[in-house]
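Heads up: the structure comes next, in structure tokens.
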Amino acid sequence: MHSAPIPTLSEKSVFTHTPPSQLAERRRRLLGVAMALPLLAAGAIAAPASAATSTTATDTGISVEGRYNTVGAGCHGSDNAEGCLNRRVHVPSTIAPRQRPTVTTEAVLVDGTAKDTARFTMKAKNDSTTPMSDFTINASRSSGRAQVAALTCDLTAFGGEVVSANGPAESLTVPSGKATVPSGKEITCQVDLTDVVGRNTVTAGITTDGQSFAANYVDNRPVGEVTAQSSQNSTEAAPTGTSQIVVEYTVTFTNKTDAEGRTSDIVLRPHLPAGIALRNVWGTGVPWRVDVGAYMLQEDGSIPLPTGDPMPGDSTTTMTFWNTYEVNADAITEEEWEALGTCNPKDPSKGLTTQIDVADSGAGIEAKSFAVCTTVTRAKN
């Protein structure tokens with residue numbers, strides 16, 4: 001059992017005992033009042049309870065209204081003033097929405113132009129509910145080597161003019177001038193490019209109301225070359241009787257750009273002089289579908305091979321072929337032996353010649369023909 005302290009009296013004052021818990025509670029109350037006084041004073045000076053402040057933009061009709069409840073529970077001396085401030089923004093329905101055109105691009109084929117040129121159209125449709133004016137049109141290279149040679153827009157149907165800019169340059173821009181494009185209408189511009197080699201992306205678009213809208217035109221132009229050559233200058237056959245000889249030659253495709261290209265189909269046309277017969281043809285480095293059944297000699301003496309296949313950028317594909325011949329030395333005259341001992345690319349009757357016709361691959365390789373030749377001589381006893 002605990003005894004309570006006894007109060008002590010003096011001449012000037014009366015001392016009473018206050019438990020520690022009550023002292024702490026009184027201190028917290030005093031501190032709360034001290035912290036709330038500045039906020040109460042500010043609320044009383046700045047605005048009465050539930051006062052409203054309204055701001056109106058006279059040029060647009062937009063109004064903003066705010067209300068702060070200065071006497072609400074928890075609106076003073078608290079980090080959380082939820083429910084104390086109410087805001088309202090009024091935007092008239094007559095205010096126009098932002099202009100939002102839709103931009104598309106489309107390639108245009110032009111006959112008789114240089115191999116490294118291109119043309120496409122850019123169309124921008126006004127999808128907003130208000131007319132579109134005071135805009136600019138731009139075409140610029142995003143990647144690759146292509147240059148913008150010309151940008152032309154006919155805006156006469158919308159109160160403007162034919163506006164154009166000429167390069168070549170990485171980017172060209174034309175203004176709308178006095179043109180105003182109604183809602184739902186579209187403008188059409190023509191973009192001409194040059195130096196279109198490899199992988200290229202050109203971005204064409206329109207800038208209006210501080211926003212830009214664009215679409216990409218992608219043009220990948222692989223550029224390659226093909227060569228063919230004999231792997232051996234000469235070979236020997238038995239001077240009498242029959243013997244077999246093998247002639248080797250290669251066809252090499254090279255893609256000189258970063259754009260994916262394609263090898264070509266080829267046709268082998270072995271020339272067979274008197275006394276020489278073709279026994280078989282075989283090759284390596286060709287697509288998997290070119291199997292042994294593909295090397296069939298046709299009635300016209302040709303061997304067509306489906307060697308067209310995708311070719312990655314900056315790559316080389318080499319196909320190697322072997323022609324196996326049977327030589328009947330006794331059936332060859334001295335003059336014919338003399339012809340077999342020399343090569344003339346323009347005369348397939350000289351040497352042992354195979355004509356190679358390379359088709360246009362449609363992706364970097366142009367049609368071309370080659371004549372590979374190997375001389376044949378009689379072996380010395």
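The numbers here are math on the coordinates, done by the rules we state, and not lab data. All values derive from a computational prediction rather than experimental measurement. Here Cβ is always computed from backbone atoms with ideal geometry, including for glycine, and neighbour counts include all displayed protein chains.
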- Item | Gain upon complete extension [D134, T201; 0.36 nm per residue less C-alpha separation] | 21.4 nm
- Net charge (Lys, Arg +1; Asp, Glu -1) of residues whose beta-carbon lies under 15 Å from that of G341, G341 excluded, is -3
- Of the peptides 318-325, 132-139, how do they stack up when ordered by the mean number of other Cβ atoms within 10 Å, highest first? 132-139, 318-325
- A chain fully extended from N280 to T117 at 0.36 nm per residue, minus the present Cα-Cα distance, gains in nm 54.2 nm
- If we count other beta carbons within 10 Å of each Cβ, what is the order of F213, F253, fewest first? F213, F253
- Task: Let me have the relative contact order for the stretch 119-250, percent, based on Cα pairs under 8 Å that are six or more residues apart.
- Result: 28
- Quick one: putting +1 on the C-beta of Lys and Arg, -1 on the C-beta of Asp and Glu, what dipole do you get for the stretch 101-221 around its Cα centre, in Debye to the nearest 20? 200
- Note on the structure: Here the stretch 214-227 yields Karplus 3J(HN,Hα) values (6.51, -1.76, 1.60; θ = phi - 60°; whole Hz; Gly and Pro given as x) of 8, 9, 9, 10, 10, 9, 9, 10, x, 10, x, 9, 9, 9
- Query: Given the pairs K256/K346; K350/K380; K256/K350; K123/K256, which span a C-alpha to C-alpha distance of over 31 angstrom in this model?
  - Reply: K256/K350; K123/K256
- Query: Ranked from highest to lowest mean number of other Cβ atoms within 10 Å per residue, what is the order of the peptides 260-269, 292-301, 169-178?
  - Reply: 260-269, 169-178, 292-301
- Item | All aspartates and glutamates inside 12 Å of K185 as judged from Cα atoms, apart from same-chain residues fewer than 8 positions distant | D127
